[in-house]
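This report refers to the structure that appears directly beneath it.
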Amino acid sequence: MQFDERLKYLRMEKGLSEKELADELQATESSIRLYEKGKLDVNLDMLERMANFFGVSTKLLLGTIFEDLPAEEAIKSYRLVQELEAERQKAAAENNRHSEIAKTTPSPLPAAYSAKSFDTLYVSTVAIYSKLAGNNPADWAAYIEDYWPVSVSIINIYGNDLSNYFYVRVNGDHMRPTLNPGEVILIKKQSDLQNNDVGLVLCDWGEAIVARITHSVDKVVLYFDNQSFPAQVYEANQCRVVGKVLWKTTRPPG
């Protein structure tokens, strides 16, 4: 539990004394002092008053998100996520508006693509990985479980270099309901994803994660469609974007 440290940091960030904060929260100076020393448990009513006053969540105050970070870094990361989330929602709303407009506009794609998800013709096969882990692509061959074909429609839209494509199996439920465990996703290798794109990313060179990716100047923020998983914030040099998710399936194409 990091409530005491986070409360003290937020108070000092606002430049308030213990008495001034107590006045703002309709509490006593001694109770604020005891909270910050970890000698008094906070009740739900007071916790919510604190969260509203500081403009943070109760989870942040209690230390149940960004739990591995010290108070200053946790609070800065939380605010960065909130800022980027607002930008992400704004962009999503704008994309939805354009999508509604597009429904009434003739498709710019050839007729072969406008009414079908994929052609029945396929090109050569590419690897399907059970997972990806580590920063050395040469080691990934150990995770190949099969080879599946790629649709002609895909290469006509995204390029015909088959070395840019691979499949990977979804592990975990952090992207439910968009992606479910056991499903297989087709990835196109690229590092220049737009904010809110769903991509495959390696952070701290552990196992690759599928997430919605948002960039700031020096941070990478990973969002998950399953709301029970909080966003994760990394330094830009801690992560490598492997590619963009193009398609999902439960069985080999064909």
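Taken together, the values in this text are just the output of simple stated rules run on the coordinates, not laboratory data. These numbers were taken from a predicted model, which means no experiment stands behind them.
Below is a table of values for the structure above.
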| item | result |
| --- | --- |
| Shape metrics for the chain, restricted to C-alpha atoms - Rg then Dmax, Å | 23.3, 74 |
| Relative contact order computed over the chain (Cα-Cα under 8 Å; 6+ residues apart), in percent | 14 |
| GNM flexibility winner over the chain from Leu222, Leu61, Leu25 (Cα, springs under 10 Å) | Leu25 |
| Residues with amide H under 5 Å from that of Ala133, placed H, sequence gap 5 or more | Ala208 |
| Pairs from Lys8/Lys39; Lys59/Lys90; Lys59/Lys219; Lys90/Lys244; Lys131/Lys189; Lys14/Lys90 whose Cα-Cα separation, in the structure shown, is over 18 Å | Lys59/Lys90; Lys59/Lys219; Lys90/Lys244; Lys14/Lys90 |
| Helical mean residue ellipticity (222 nm; -39500 (n - 2.57) per DSSP H run of 4+; nearest 500) of the chain | -10500 deg cm²/dmol |
| Choice from Val217, Val170, Val56 showing the highest fluctuation, given a GNM over the chain with Cα pairs closer than 10 Å | Val217 |
| Cα-based radius of gyration of the stretch 111-249 once divided by 2.2 N^0.38 Å, which approximates compact folds | 1.05 |
| Whole-Å distance, taken between Cα centres, linking the stretch 1-28 and the stretch 162-218 | 40 |
| Residue of Gln26, Gln232, Gln89 that the Gaussian network model of the chain assigns the largest fluctuation, springs spanning Cα pairs under 10 Å | Gln26 |
